[in-house]
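Asks: First the structure, which I've put down as structure tokens, then a few questions once you've had a look.
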Amino acid sequence: MKPTKFAIASLLALGASLSALPAAAQQRISVNIGSSHPTTNIWVHAMKEVFQPEVDRILKAGGGKYEVRWRENYGGTLYKFTDTRAAVRDGIVDVGMVGTVWENSAMPLQNVTYFTPFATTNHELLIQIFDKLNTTVPALRDSWAAQNMVPLSSLITDSYDIYANFPIRTLADLQNKKINAPGTSANWLRDTGATPVDGALTTYYTNIQTGVTQGALSFASGIGPARVYEVAKYLTHIDIGSMYFGSVAANKKFFDGLPKEVQEAFVQAGKAASKAHGEHVTKVAKAAMDTMKAAGLQVADLPPAEKAKWVNSLPNIVQPWLQATGDNGKAVLKAYFDELRARGVKPLRDWDNQNR
């Protein structure tokens, strides 16, 4: 039986409609993203506000072949600050904030800035440097890979200064004073006469209020929201420097399994998040300073001669770190200071030349 004209027309119409469909259906990819801190925190803000929407934008602009379904786990719902490395490494989240500052045993190379104070106060520049170093310096790149992670966006602090309940005009004013200085930052008080006391932004207020300490080494974007200025009325600009804090990173096994197009979207979105993070910290730090000054914070600069005395009187605090990290540490230290100088920065102390 020959097909009727109606049947032929129907077949032609069906073929036309099928050819109008996309060659392949859109693929949806689920991504668990999270942090130990809330999205209001400076290290998390750009993850939610920039990284996620930028991945979506890039994939859509590329033809919409892939779509990400974000499963958000911010604010410590899945892991706390002590577990950021393990959470991303073990795939508890696919993408997460990793605070390498808390991982000096497992990831010591990433803490080079904490052993080289007075290098730079430019936190936006520091982000650019570590975005580069984490992918181009073999020792750093391999360190991330050994933890089953791929760094996507660098995290920093603004510059550290001293917030105290007494003014600091000379180094002598620090004699017999107890200053909150967590972890490695305790080294920055060596031979100053002050006694470092461990702590965190969440403890500084009570410590100073109750007399456990008389001040804290910290940065404006952290001190402001913690309201420490209510009990520490004096800020002395020491310009100890901005610090590399960690990275937003992806679980490597998860990342390696993503389509190339999605991998590239993650990398590009990571760069956008880095830039936004730096700008956000600048904005938050400025707003914090305005708020603190309005509340009566007394601000002063440590005189240049006293700052020079502080910088030059510090023992060689980078040496123990170099002994622990060996040739990899030397390579990271050199790469870091080479990048600083190439960008016009003149560190107040040449930590990379201490043993020459």
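Asks: Which condition from (1) part of a helix (DSSP H, G or I); (2) free of Cβ contacts under 8 Å to residues at least 40 places away in the same chain is the one that Asn316 breaks?
Replies: The failed condition is (1).
Asks: I'd like to check something: does the stretch 33-48 contain any residue that is at pLDDT below 95, among the charged types (D, E, K, R) and open to solvent by 20 Å² or more (accessible area, probe 1.4 Å)?
Replies: No, that holds for no residue.
Asks: Name the helices (runs of 4 or more DSSP H) wholly inside the stretch 52-145 in which the number of residues that are of a type in the set (Asp, Glu) is 2 or more.
Replies: The qualifying helices (runs of 4 or more DSSP H) are 52-61, 123-136.
Asks: What is the number of the single condition among (1) open to solvent by less than 60 Å² (accessible area, probe 1.4 Å); (2) closer than 19 Å to Asp158 by Cα that Lys293 does not meet?
Replies: Going through the list (1) open to solvent by less than 60 Å² (accessible area, probe 1.4 Å); (2) closer than 19 Å to Asp158 by Cα, Lys293 breaks only (1).
Asks: While we're here: Quick one: how many residues across the stretch 311-338 are open to solvent by less than 30 Å² (accessible area, probe 1.4 Å) and either within 22 Å of the chain's Cα centre (by Cα) or charged (D, E, K, R) (or both)?
Replies: Number satisfying all stated conditions: 9.
Asks: Which count do you get for residues in the stretch 323-346 that are free of Cβ contacts under 8 Å to residues at least 24 places away in the same chain and among the hydrophobic types (A, V, I, L, M, F, W, C)?
Replies: 1
Asks: Moving on. For the stretch 223-244, give me each residue that is touching a residue at least 24 places away in the same chain (Cβ under 8 Å) and either open to solvent by less than 10 Å² (accessible area, probe 1.4 Å) or on the phi > 0 side of the Ramachandran plot (or both).
Replies: Hits for the stretch 223-244 are Ile223, Val228, Ala232, Leu235, Thr236, Ile238, Asp239, Ile240, Gly241, Ser242, Met243, Tyr244.
Asks: For the stretch 165-199, which positions are in contact with a helix residue (DSSP H, G or I) (Cβ under 8 Å, 6 or more places away or on another chain), open to solvent by less than 50 Å² (accessible area, probe 1.4 Å), of a type in the set (Gly, Ala, Ser) and not in a loop (DSSP other than H, G, I, E, B)?
Replies: Listed by number, the list holds a single entry, Ser185.
Asks: Given (1) open to solvent by less than 50 Å² (accessible area, probe 1.4 Å); (2) part of a helix (DSSP H, G or I); (3) under 23 Å from Thr82 (Cα atoms), identify the lone condition not met by Thr202.
Replies: Condition (1) is where Thr202 drops out.
Asks: Which one is nearest to Phe254 (Cα to Cα), of the residues in the stretch 74-91 that are basic (Lys, Arg) and out of contact with any Phe, Trp or Tyr (no Cβ under 9 Å at 6 or more places or on another chain)?
Replies: Arg89
The values are calculated or read from the model by the stated rules, or taken from the named source; none is laboratory data. A quick note: this is a predicted structure, and the numbers were derived from the prediction, not measured. All Cβ positions, glycine included, derive from the backbone under ideal geometry; neighbour counts span all protein chains shown. For accessibility, only protein heavy atoms count, side chains too; no ligands or nucleic acids. Shrake-Rupley method; radii C 1.70, N 1.55, O 1.52, S 1.80 Å.
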